[in-house]
Amino acid sequence: MSKDLERALSKLRFDDQVLGYSLMTKVGRPFVSFAFPDELFPRVKDSINLYKKDLRLMTIDTDKGLVVLSPVDDNWILTVLYVPELQLGLAIAKTKNVLRLLEGIELPPPPEEFEESSEENLQVLESIAVNASAVEETPTVSGTIALDTPPTILEAASASVEKLSPEDFSVSPSTIPERGPQYSTSLTLDSNLNSEMKTLYRNFGFDVLMLVDGRNTVTNIADSMFQPTDRVIDLLKWSATRGIIIVPRVVEGSVEQEKSRSSGSMGKYVKCPMFEGDLEKVSGDDLTIIRLCDGMKTPEQIAEVTSLPMPKVLQALAKYRKSGLKMIGRTIK
Amino acid sequence: MPKVENPLLLSFYAYYVDKVLSETSNIDEANQKLRDLGHEIGQQIYLNTEIVEKTKDSVTTREDVAKLIDVVYKVLYDKKPDDVDMKTARGSVRISDKDCVWCQEVNLEGMRGFGYCEIFSGILETILEFKGVDAKVFQEMSRATGAEMCTWNVRLG
């Protein structure tokens, strides 16, 4: 087996929302499985056989949870069982995320013992191979997105927003992106915007945007996709220039803008104190300092805001380590 | 009050990690830098500890590798890893540690994919190399970024 396969599958293994998974041959025989309930195999196999002529991404609702089936290549099907309460879109995004890791990995065909029923195998292999090119498009997802704005208006709108560049937007790990006027167009297959996004980001754009709902923070999105935060931020900034999503604009001439230009693309790594204990137990003198420990300000910033000397701030921070103060490391843009 | 083990080591390492993060432009690069540090000190460790005497001359099977990992743990941390899993994945060994020394009291946010304890990957990779084992080691999860425990994947070549 290819080495990277294991790494890709370990993403599933350590996902709390994944109950089990199985890498199956295209006839639905489990090859590598992890905690996948045996009683589901016949059902999965039936579904695979039912759709063998045209197997794309497929979901099955079972009493154990949500099963997402997706072909990896001509020989292999990845089957993942998610917890029942997981949103369909998220389950699909997670699955596609693992598929993306599998992209470019050449999986060998199933070993000898799987070839007993080789005649039948061959037929299915051929039929799946023919349809494999269609795997990219997922009808399950695209069907749910409504095109609710007429295209003419959209084009006019896009002309007016296109002048902005990604640097004009300020996106940090705690930013909550919202859907913009072009949101549905960007997710409509065959729209210009969608093809542009696909050229730049392949299916990654689609998956991230599915998670933009005005509630998820950038960190949440990155976490649930197992993707680096900076990659998500990069896409969101681009999306903002196209009006697909709405995020705060950078205020011209502000200090933060200057900072973000001078540092590397990962941003500056800082450690910020966060107090999670009981404020009532903090003595009056230290309250001004501890109150500011929200995990977003550095000790230096706290010293500046309170006009206290740094040693004094650090003293207070050290004092409350035992009652719920911890240092959070993060990169800021 | 959370008690850290070996504060001197931790302070050194935290200082180095800060420096790496300020000099690199992405997570992968940072991970690699930490592994490189591990490679370099791996040599020192190999020369200065009893790892050589306590392990077989030729490490060939996965069982041998697992034993070697136990010895490395004993020598470096004076404890055993919580789990050394050889069964789940073919061609690799997974090490789990619920009380990893490197990331004590470290909480990172928004840095998914960053292997805070990648230094150990480098150390182990170098020791394995000296023992004639071709392997790639990388950290799969770190408590520093919110996982329940630290795990490393030793992928045997």
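The values are calculated or read from the model by the stated rules, or taken from the named source; none is laboratory data. The structure displayed is predicted, hence computed values, not measured ones. Ideal geometry is used to build each Cβ from the backbone, glycine not excepted, and the neighbour counts take in all protein chains shown. Heavy atoms of the whole protein, side chains included, go into the accessibility calculation; ligands, DNA and RNA do not. Shrake-Rupley method; radii C 1.70, N 1.55, O 1.52, S 1.80 Å.
The combined condition, being touching a helix residue (DSSP H, G or I) at 6+ places or on another chain (Cβ under 8 Å), modelled with pLDDT of 85 or more and open to solvent by 40 Å² or more (accessible area, probe 1.4 Å), is not fulfilled by A:P177. Just one of the listed residues (A:F169, A:F226) is more than 13 Å from chain B (Cβ to nearest Cβ) and touching a residue at least 40 places away in the same chain (Cβ under 8 Å), and it is A:F169.
Could you tell me whether the stretch B:104-126 includes any residue that is more than 15 Å from B:I45 (Cβ to Cβ), β-branched (V, I, T), within 12 Å of another protein chain (Cβ to nearest Cβ) and open to solvent by 10 Å² or more (accessible area, probe 1.4 Å)? Looking through the stretch B:104-126, at least one residue is more than 15 Å from B:I45 (Cβ to Cβ), β-branched (V, I, T), within 12 Å of another protein chain (Cβ to nearest Cβ) and open to solvent by 10 Å² or more (accessible area, probe 1.4 Å).
A single entry from B:D97, B:D134, B:D82 fulfils the requirement of being free of Cβ contacts under 8 Å to residues at least 24 places away in the same chain, away from chain A (no Cβ under 11 Å) and either under 11 Å from the mean Cα position of the chain (by Cα) or over 30 Å from A:M296 (Cα atoms) (or both): B:D134. Being open to solvent by less than 70 Å² (accessible area, probe 1.4 Å) and within 37 Å of the chain's Cα centre (by Cα): is that true of A:L317 here? So A:L317 fits the description; yes. What residue, among those in the stretch A:229-244 that are more than 14 Å from chain B (Cβ to nearest Cβ) and open to solvent by less than 40 Å² (accessible area, probe 1.4 Å), is nearest to A:D16 (Cα to Cα)? Within the stretch A:229-244, the match that is nearest to A:D16 (Cα to Cα) is A:L235. If you go through the stretch A:189-199 and keep only what is surrounded by fewer than 16 Cβ atoms within 10 Å (Cβ to Cβ) and not in a helix (DSSP H, G or I), you end up with A:L189, A:D190. Looking at the stretch A:62-74 only, could you name the residues that are crowded, with 22+ Cβ neighbours inside 10 Å and free of Cβ contacts under 8 Å to residues at least 40 places away in the same chain? Hits for the stretch A:62-74 are A:L66, A:V67, A:V68, A:L69.
For the stretch A:195-220, a residue qualifies if it is under 16 Å from A:R330 (Cβ atoms) and touching a residue at least 12 places away in the same chain (Cβ under 8 Å), and the qualifying residues are A:T217, A:V218, A:T219. One residue stands out in the stretch A:232-257 among those that are assigned to a loop (DSSP other than H, G, I, E, B) and among the hydrophobic types (A, V, I, L, M, F, W, C): the one that is modelled with the highest pLDDT, namely A:I244.
Condition first: polar (S, T, N, Q) and at pLDDT 85 or above. Now tell me which residues in the stretch A:260-292 satisfy that. Steps first, please.
Our first condition is that a residue be polar (S, T, N, Q); within the stretch A:260-292, this holds for A:260, A:262-263, A:265, A:283, A:288.
Selection gives A:S283, A:T288.
Condition check: surrounded by fewer than 22 Cβ atoms within 10 Å (Cβ to Cβ) and either over 28 Å from A:D16 (Cα atoms) or within 14 Å of chain A (Cβ to nearest Cβ) (or both). Does B:V75 satisfy that? So that I can check it myself, show each step before the final result.
Values: surrounded by fewer than 22 Cβ atoms within 10 Å (Cβ to Cβ): yes; either over 28 Å from A:D16 (Cα atoms) or within 14 Å of chain A (Cβ to nearest Cβ) (or both): yes.
Yes, satisfied.
Going through (1) assigned to a loop (DSSP other than H, G, I, E, B); (2) open to solvent by 10 Å² or more (accessible area, probe 1.4 Å); (3) modelled with pLDDT under 85 one by one, A:T140 falls short only on (1). In the stretch B:6-51, the residue that is nearest to the other protein chains (Cβ to nearest Cβ) out of those that are under 12 Å from B:I127 (Cβ atoms) and open to solvent by less than 30 Å² (accessible area, probe 1.4 Å) is B:G38. Inside the stretch A:294-329, can you point out the residues that are over 11 Å from A:G277 (Cα atoms), part of a loop (DSSP other than H, G, I, E, B) and within 13 Å of chain B (Cβ to nearest Cβ)? A:G295, A:M296, A:T298 - these are the residues of the stretch A:294-329 that are over 11 Å from A:G277 (Cα atoms), part of a loop (DSSP other than H, G, I, E, B) and within 13 Å of chain B (Cβ to nearest Cβ). In the stretch B:131-143 there is at least one residue matching the filter, namely being within 20 Å of B:Q44 (Cβ to Cβ), open to solvent by less than 40 Å² (accessible area, probe 1.4 Å) and among the small types (G, A, S).
Listed here are the residues, each with its yes/no results for (1) closer than 29 Å to B:E148 by Cβ; (2) touching a Pro at 6+ places or on another chain (Cβ under 9 Å).
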position: A:F34; (1), (2): yes, no
position: A:L40; (1), (2): yes, no
position: A:L55; (1), (2): no, yes
position: A:I60; (1), (2): no, no
position: A:P71; (1), (2): no, no
position: A:Y82; (1), (2): yes, no
position: A:L86; (1), (2): yes, no
position: A:L90; (1), (2): yes, no
position: A:R100; (1), (2): yes, no
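Residues in the stretch B:147-155: is at least one touching a Cys at 6+ places or on another chain (Cβ under 9 Å) and among the aromatic types (F, W, Y)? Step through it out loud before you land on a result.
Quick first cut of the stretch B:147-155, residues touching a Cys at 6+ places or on another chain (Cβ under 9 Å) only: B:149-150, B:152.
Keeping just the survivors that are among the aromatic types (F, W, Y) gives B:152.
Yes, that holds for at least one residue.
Of the helices (runs of 4 or more DSSP H) lying entirely inside the stretch B:2-72, those carrying at least 2 residues that are closer than 30 Å to A:G324 by Cα are B:7-23, B:27-48.
So which residues in the stretch B:106-131 are assigned to a loop (DSSP other than H, G, I, E, B) and at pLDDT 90 or above? Across the stretch B:106-131, the qualifying residues are B:V106, B:F114, B:G115, B:Y116, B:C117, B:K131. Scanning the stretch A:75-87 for residues that are open to solvent by 10 Å² or more (accessible area, probe 1.4 Å) and in contact with an Asp or Glu (Cβ under 9 Å, 6 or more places away or on another chain) yields a count of 2.
Yes or no: A:T217 away from chain B (no Cβ under 14 Å), on the phi < 0 side of the Ramachandran plot and surrounded by fewer than 21 Cβ atoms within 10 Å (Cβ to Cβ)? Against the criterion (away from chain B (no Cβ under 14 Å), on the phi < 0 side of the Ramachandran plot and surrounded by fewer than 21 Cβ atoms within 10 Å (Cβ to Cβ)), A:T217 does not qualify.
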